[in-house]
Amino acid sequence: MTKTILIVDDDDSIREVGQLALELGSGWSVLTASSGQNALQLAKLERPDAILLDVMMPGMDGPATLQKLRADPSTSGIPVVFLTAKVRSSERSTLSALGAAGVLAKPFDPIALPDQVAGVLGWAGVT
Amino acid sequence: MAVSQLIAGIASNSPGAIVTVVGLVLLGGASIAALLRQWNRRAARDMALTNERYTQIAEAMPQIVWTAGPDGLVEYFNQRWPEYTGISVQDSLGLAWGRAVHPDDLEFAVGQRGKAVRAGTPLDMDVRLRRGSDGEYRWHLIRGVPLRDSNGVVAKWFGTCTDIQEQKRTESVLRDRQVTLEHTIEAREAEAERATALYQLLAENATDMVSTHRPDGAFDYATPSWVEYVGGIPEGQRPVDFCHPDDVELLTTNYMIARRSPGLVTTVWRCRRANGNYGWLETHTRAVQSALTQRVMTFVCATHDVTERQRREKEFQRLHEIVLAVSSASTLDSALEITLHELCATTGWSYGEAWTPSNEGEHLERASVWSARQGVDASASPLDDASLRLKAGEGITGLAWQSGEVIWVHDIVADRRTKHVALAASAGFTAGVAIPVMTERRVVAVLVFLMPAVATDDAGRIAFVSVVAAQLGSLVARKRDERALRESEEKYRQLVEQAADAILLIDADGRCVEANTRAGLLCGTSPLDLIGRPLDALMSADVVGAAAIPVVQVGEVLTADYWVRRVDGTSLPVEASAARLHDGRVQIIARDISGRKELERLKEEFLSVVSHELRTPLTSIRGSLGLLASGSLAKAPEKGQRMLDVAVANTDRLIRLINDILDVERINSGTVPMEPDWFDGSEIARSVAEALRPMAERSSVALQVQGAPTRLWADADRITQTLTNLVGNAIKFSPEGSTIELNVSHNDTEALFEVRDHGRGIPADKLEIIFDRFQQVDASDAREKGGTGLGLAICLGIVQQHGGRIWAENPADGGSAFKFTLPMRAEVDREDPEQRGGPDDDSGRLTHVLVIEDDIELAHVIATALESHGFEVGIAHNGVSALELQEQNIADVLIVDLSLPDINGLDLLERIRSRHLTPAAPAIIYTAADPNPAARERIRSLGAELATKSRVSTEALVERVVRLLEVPITEPLQAAS
């Protein structure tokens, strides 16, 4: 069954590029959300297999969104991968400790991205 | 053996006479009879002393008495020996007495004894003997004398052992006190030698006095020395008859005590001597009872003169008192005064002066004088002459100052080394002495004493006075050290108080014992309140943890960051250094670093945000280009195109972002200087509106500009940038169909720019922080509206660089208003150009300025500035063209560079002047380097003004031109057009 993945990022371009990269490289069905609030609604509605979550977003940021997802039984089981421009190891370990399945760095290689996401989530290779 | 010989021999063996008696006792029957006969002839007529009685006398002696055979082996000790040594007489005979001798002295003692026995000469040695009662070794003077028979052969040895421990101790004390005065000690030693010689002479005549008394106290027998001492003892006289009235009671009482007790009773009393003076005597009295009746038959007394000892004891006591008095003096002068008074009183010297070096140390000045003698002619004192000063080496005073040694003068009048001749003549002084008071190697005062004559014991007194002088010197040194310490402490205290850092002193128990004002401020209380608080309560290694001020060793300084716990419960980060002082306390210096920490935090945050902001467009660029490069979009050209658009848009965004980051950094750090110029603020507002009108139209927003001409002295480009930012933001956040108003107004002090929109407004809590970097009202604005989040931060920097203010408001009727001010600069009043004159003179001709400057750019800048103020300007880059131009159009003002390629500026000016082309034209010499004095003089003589390029800006130069012409400047050309 085709996996569904939700990309959450406040930057239009990144959403667009990310969506295209995943669709082309993996064949997953890709949903996008431009804010934490949108992501919560969409996750509840669509129950994606994984969420690729930006960290620095206006209003509800990545960690806050993750907390809300975990608090809601209908979304608490969805694995979340942070996709962040925060690159310092201390920042990344802080994010990991929040209960994310993994942390991927921006900028990302669009060709390698599907494999990286699958690797973090423990999914079978996409290529 | 002649008795006289015996007496003489024995007499040399102190204490003398008594030994004679003992010797008599032990010589044996026949000899005793013979000796007694002779003795009786010489000393007493009807004495019937028995052997028992002689033994009693020997036993009554306070000293140890011994006799020995010709071979020097001891045959007898009196009871004092076993009493002292704790060794029985039987066990000490022969050479066994050596058991009581100190091991270190034994070899010496045996050797001395052997030497005396072999040579048959008197024995005289200082040896330590062990006291049986406590094991203490005490110094004893052991003396022995050979007793010869009629053939001159030694028949017996007689000797004594006298405890001289106290004497030794006294000598040692004296030595300790006089370490600084070795020369005086030498004098004392010389005196001691003389005294020894004297003593021997006196001993020949048996100075120690032995007597026996009847039960009523009357003299029964007295040695010749006794008789001589008091000048004859009539029959029936008692010691009390010679006694000083004040000591009669003591003497009488002690006789009564001796009568009742079996032991020796010692009395120190004053006895009237043959010469009428009183001498101090120490008398040891023992009562001898009849074996039958148990009644006192007689008193046996051994007496010796202790006048000298008493005097010394009194001196020591006095010395102690004087030292105490001197030590308590607060100044050198009062110490000197006390010293003079006390010393004269003690020594009996009747006149004393104290001299101290002047401040410059060039001469001595009198400090104090003291005279005990009534009738001393004060006017004869050299001190009566207020101006008297002594140079080094002048008089005994100056000599003592120069040499640091005691200087004596034995005949003041004949010697003429003192200034005291008149005084000596009038008051009968003969001798004088000057004694330096030393502090380390420096003489701080000289004491001078005068006396009728040098007495035999004056050397001893000098020693005494020298000790006082040494004390005085150390007092001065101590006072000086105390003052230095006080000053240093005062300095330290001031330093601590003035320090910008908190300073705490912590004792060994970890409690605060000192704190400066800063420390109080840091902890949020008064410094006094900190005293006694444990360090744990004041500082800790982290906000919640216990104190962890490390154990720091003396001489080590540890620096680290800590937290200060303020009394209100909050904490402050500090950088603290701890150092252990030599007294074990720890000094902590702490500096509030909350500002630095905050700065570090902001920097960290800024870097983090910048990093994020830069990475965001890069992510899109990298992603879109990555997809294009992979070729996976080859089959979807419209998606490929879309990715290209994304890459281009984000590249533009990245460029804007980088520009703004650099801009905001440079403006805020002040590294980009503003380039001010005169312009009309309302014009700028209009031109900004024009430039942004297309953007406004795209958003269907109207722009409205209002404003009166507002002349400003500012960087027009930067103000344009600020207004563009503000109006741009307003357009972005304005709803379609709304109007943005741009107003410019001013009062006397400042101009006000106002950009008013009717958009969504700004939340009250964001009004201030929106001017911080990357602080959009809504971060997504940056993406949606294409901003970088730095625009307002840049505006803030520009306005602040101009000395203005910028802020945002939420007007009551909605939307938002951004306002900023710029200070107005005073301009020369130009209301009435006709009266005041102007660049346009009466003939209507513009004022002409000739700029002679080889730097083409600078010449252009100056010309532009002048033209903008309505001047007509000519430019010449060298002397030749300057002269040509002058012929065409005679300048009203000349601006001349000092160094031109073909001619010196001053020479050029001289030539222009000499041609009478512009005889009265003012000139400004505009020069890069400061001219030398000759050039300055020439500038003055040419009637020119000097302006240095480094100090006088182009604008200031124009103002000078205006002032020279005494005309106001006109509207700048661009404004007038």
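Scan the range B:942-977 for residues that are in a helix (DSSP H, G or I) and either modelled with pLDDT under 80 or under 26 Å from B:Ser682 (Cβ atoms) (or both) and jot them down.
Taking the range B:942-977 as the starting set, the residues that turn out to be in a helix (DSSP H, G or I) are B:954-965, B:973-976.
B:Thr954, B:Glu955, B:Val958, B:Glu959, B:Val962, B:Arg963, B:Leu964, B:Leu965, B:Leu973, B:Gln974, B:Ala975, B:Ala976, listed by residue number.
Does any residue in the range B:103-122 that is outside any loop (DSSP other than H, G, I, E, B) come within less than 6 Å, Cβ to Cβ, of a residue that is of a type in the set (Lys, Arg) six or more places away or on a different chain, and which pairs are these?
B:Asp105/B:Arg128
Residues B:Glu857, B:Glu937: which one is farther than 22 Å from B:Trp678 by Cα and surrounded by fewer than 20 Cβ atoms within 10 Å (Cβ to Cβ)? It would help to see each step written out before you state the result.
On the way: B:Glu857 fails: farther than 22 Å from B:Trp678 by Cα.
One residue alone meets the criteria, B:Glu937.
For the range B:25-94, which fully contained helices (runs of 4 or more DSSP H) count at least 1 residues that are modelled with pLDDT under 85 and among the aromatic types (Phe, Trp, Tyr)?
Where helices (runs of 4 or more DSSP H) fall fully within the range B:25-94 and carry at least 1 residues being modelled with pLDDT under 85 and among the aromatic types (Phe, Trp, Tyr), they are B:29-42, B:51-60.
Each row is one residue, and each column tells you yes or no for (1) at pLDDT below 80; (2) aromatic (Phe, Trp, Tyr); (3) not in a helix (DSSP H, G or I).
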position: B:Ala463; (1), (2), (3): yes, no, no
position: B:Val476; (1), (2), (3): yes, no, no
position: B:Tyr492; (1), (2), (3): no, yes, no
position: B:Ala500; (1), (2), (3): no, no, yes
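Is it the case that the range B:253-266 has a residue that's surrounded by 21 or more Cβ atoms within 10 Å (Cβ to Cβ) and modelled with pLDDT of 90 or more?
Within the range B:253-266, the first condition is being surrounded by 21 or more Cβ atoms within 10 Å (Cβ to Cβ), and the residues that meet it are B:255, B:258.
Cutting the leftovers down to modelled with pLDDT of 90 or more gives us none.
Looking for residues that are surrounded by 21 or more Cβ atoms within 10 Å (Cβ to Cβ) and modelled with pLDDT of 90 or more, one finds none in the range B:253-266, hence no.
Only one of (1) touching a helix residue (DSSP H, G or I) at 6+ places or on another chain (Cβ under 9 Å); (2) closer than 23 Å to A:Ser26 by Cα fails for A:Glu46. Which number is that?
All conditions are met except number (1).
For every residue, the table says whether it meets (1) under 18 Å from B:Ser608 (Cα atoms); (2) in contact with a helix residue (DSSP H, G or I) (Cβ under 7 Å, 6 or more places away or on another chain); (3) at pLDDT below 75.
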residue: B:Thr749; (1), (2), (3): no, no, no
residue: B:Arg756; (1), (2), (3): no, no, no
residue: B:Arg760; (1), (2), (3): no, no, no
residue: B:Ala764; (1), (2), (3): no, no, no
residue: B:Glu768; (1), (2), (3): no, no, no
residue: B:Gln776; (1), (2), (3): yes, yes, yes
residue: B:Ala779; (1), (2), (3): yes, no, yes
residue: B:Glu784; (1), (2), (3): no, no, yes
residue: B:Leu792; (1), (2), (3): no, yes, no
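Listed here are the residues, each with its yes/no results for (1) assigned to a helix (DSSP H, G or I); (2) more than 14 Å from chain B (Cβ to nearest Cβ); (3) more than 29 Å from B:Glu613 (Cβ to Cβ).
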| residue | (1), (2), (3) |
| --- | --- |
| A:Leu52 | no, no, no |
| A:Met57 | no, no, no |
| A:Leu69 | yes, yes, no |
| A:Glu91 | yes, no, no |
| A:Leu104 | no, no, no |
| A:Pro107 | no, no, no |
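I want to confirm something. Restricting to the range A:59-90 and keeping residues that are within 21 Å of B:Gly623 (Cβ to Cβ) and not small (Gly, Ala, Ser), which single residue is modelled with the lowest pLDDT?
At the first step, the residues of the range A:59-90 found to be within 21 Å of B:Gly623 (Cβ to Cβ) are A:62, A:80-87.
Add one more test, that the residue is not small (Gly, Ala, Ser), and what stays is A:80-84, A:86-87.
Values: A:Val80: 95, A:Val81: 95, A:Phe82: 94, A:Leu83: 92, A:Thr84: 89, A:Lys86: 75, A:Val87: 69.
Only one residue tops the list, namely A:Val87.
Starting from the range B:347-368, take each residue that is over 18 Å from B:Ser334 (Cβ atoms) and list its partners that are of a type in the set (Ser, Thr, Tyr) and outside any strand (DSSP E or B), counting only C-beta distances under 9 angstrom and pairs at least six apart or across chains.
B:Tyr351/B:Ser381; B:Leu364/B:Ser358; B:Leu364/B:Thr397
Please specify each residue of the range A:1-18 satisfying the condition of being within 11 Å of the chain's Cα centre (by Cα) and part of a helix (DSSP H, G or I).
A:Arg15, A:Gly18
Given the criterion β-branched (Val, Ile, Thr), out of contact with any helix residue (DSSP H, G or I) (no Cβ under 7 Å at 6 or more places or on another chain) and under 30 Å from B:Gly789 (Cα atoms), identify the matching residue among B:Ile589, B:Ile593. Before you say what the answer is, go through the steps one by one.
Values: B:Ile589 fails: under 30 Å from B:Gly789 (Cα atoms).
The match here is B:Ile593.
Does B:Glu605 qualify as being in contact (Cβ under 8 Å) with a residue 24 or more places away in the chain and either out of contact with any helix residue (DSSP H, G or I) (no Cβ under 6 Å at 6 or more places or on another chain) or facing chain A (nearest Cβ under 10 Å) (or both)? Can you show your working first?
Values: in contact (Cβ under 8 Å) with a residue 24 or more places away in the chain: no; either out of contact with any helix residue (DSSP H, G or I) (no Cβ under 6 Å at 6 or more places or on another chain) or facing chain A (nearest Cβ under 10 Å) (or both): yes.
Judged against the criteria, B:Glu605 is not a match.
Spot the failing condition for B:His869; the list is (1) surrounded by 22 or more Cβ atoms within 10 Å (Cβ to Cβ); (2) of a type outside the set (Gly, Ala, Ser); (3) modelled with pLDDT of 85 or more, and only one is missed.
Evaluating B:His869 over (1) surrounded by 22 or more Cβ atoms within 10 Å (Cβ to Cβ); (2) of a type outside the set (Gly, Ala, Ser); (3) modelled with pLDDT of 85 or more leaves (3) as the failure.
Out of B:Val727, B:Val755, B:Val688, I need the residue that is under 30 Å from B:Glu867 (Cα atoms) and buried (at least 17 other Cβ atoms within 10 Å of the Cβ). Which one? Walk me through it before giving the result.
Numbers: B:Val727 fails: under 30 Å from B:Glu867 (Cα atoms); B:Val755 fails: under 30 Å from B:Glu867 (Cα atoms).
Of B:Val727, B:Val755, B:Val688, the one residue that is under 30 Å from B:Glu867 (Cα atoms) and buried (at least 17 other Cβ atoms within 10 Å of the Cβ) is B:Val688.
The values are calculated or read from the model by the stated rules, or taken from the named source; none is laboratory data. No experiment lies behind these values; they were computed from the predicted model shown. No Cβ is skipped: glycine too gets one built from the backbone with ideal geometry, and neighbour counts run over all protein chains shown.
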